[in-house]
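Worksheet: the structure to be examined is printed underneath.
The values are calculated or read from the model by the stated rules, or taken from the named source; none is laboratory data. Everything quoted here is computed from the prediction, not taken from an experiment. Please note: Cβ atoms are built from the backbone with ideal geometry, for glycine as well, and neighbour counts cover all protein chains shown.
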Amino acid sequence: MTTATGTGGADTTPPGPPGPPKTSRARTRLGDRTFAGAARGAGILILLVLAGVAGFLLIEAWPALVAAPEELPGGEGFVAYVAPLALGTVTAAIIALLLATPLAVGIALFISHYAPRRLANALGYLVDLLAAVPSIIYGFWGLAVLAPLMTPVGQWLESTLGFLPFFAGPASATGRTTLTVGVVLAVMILPIVSGVTREVFLQTPRLHQEAALALGATRWEVIRMTVLPFGRSGIISASMLGLGRALGETMAVAIVLSASGVLTVNLISSSNAGTIAAAIALDFPEASGVHVNALVAAGLVLFIITMAVNMFARWIVSRRSAFAGAN
């Protein structure tokens, strides 16, 4: 309430609490502006680096894109040169993804919701260690151990599913096929998919699981109704990370695969389509002239494939990101 004294009617309202010091507010605003500017600059820098990589690849690949067909490897033009490589890259990566994702999700569920704590910690550590094994070791393992084991598998697939173009045969006697490469890549991306998926499952809101248990749900029903819906976007993201690793793998594929540069979907034959990364690694040291530009152009195709896969994954994740709840 306001009161007046004397004839001047002066305001005698008691003063309010003092505000924060101006220097502290200025420091806070300066810190906010600095952090916001740094974050914005980092985002812009990433875009610039990505644009620079794309521009470099396009500039270096342009001579091969406009060159005469007889100047390029194979003598049939760039499309005929890169098509088998792109097909082999995508085929091997898809095989790896189809084999690794269900197994990785099962491992993640066992570690996060079934195994005792000590066993879960040990298993998680061992699975993560697989990511530290060099790719060339996987290549030697695939060549010396897995390829002989896959030879009778290829023969069985030919006799049983030979009516399908994927297993039409004749089955390779060495086992160095696209199917074997897919299995090797599946083992390589398994720790990536499993590790990310496990961490997502562990973030499932506890209240959701307790509510399902209170309603009489079994452990599997709890997982099916709460853990898997919550972790669906994480599973997709982890799978796309593994797919990116499989698309760009070089040495393991180069060691295991017996590539012949043909355009085929046969997974068990000795005539196999190569991969872009392996072709670049094997041919680049001895390439010269327009052949170098052709290899860079193949790398540009791999860059486009990887970008398309990641954009598609982000689109799927954004559609699934509406699931939320109490923590």
### Query
Do we find a residue being in contact with a strand residue (DSSP E or B) (Cβ under 8 Å, 6 or more places away or on another chain), in a helix (DSSP H, G or I), in contact (Cβ under 8 Å) with a residue 12 or more places away in the chain and surrounded by fewer than 21 Cβ atoms within 10 Å (Cβ to Cβ) anywhere in segment 177-184?
no
### Task
State whether one or more residues within segment 103-116 are touching a helix residue (DSSP H, G or I) at 6+ places or on another chain (Cβ under 8 Å), not in a helix (DSSP H, G or I) and not β-branched (Val, Ile, Thr).
yes
### Query
Of these, 48, 97, 58, which one is more than 18 Å from residue 283 (Cβ to Cβ), modelled with pLDDT of 90 or more and surrounded by 18 or more Cβ atoms within 10 Å (Cβ to Cβ)?
97
### Task
Kindly provide the set of residues from segment 238-297 that are under 24 Å from residue 155 (Cβ atoms), part of a loop (DSSP other than H, G, I, E, B) and β-branched (Val, Ile, Thr), ordered by number.
262, 264, 265, 268
### Query
If you go through segment 180-188 one residue at a time, do you hit one that is among the polar types (S, T, N, Q) and at pLDDT 90 or above?
yes
### Summary
Screening 175, 195 for residues that are of a type in the set (Gly, Ala, Ser) and within 22 Å of residue 87 (Cβ to Cβ) leaves only 175
#### Entry: Qualifying position, being within 24 Å of residue 62 (Cβ to Cβ), β-branched (Val, Ile, Thr) and either under 18 Å from the mean Cα position of the chain (by Cα) or modelled with pLDDT under 85 (or both), among 305, 235, 316, 280
305
### Summary
Within segment 201-226, residues being hydroxyl-bearing (Ser, Thr, Tyr) and either exposed (fewer than 13 other Cβ atoms within 10 Å of the Cβ) or in a helix (DSSP H, G or I) (or both) number 2
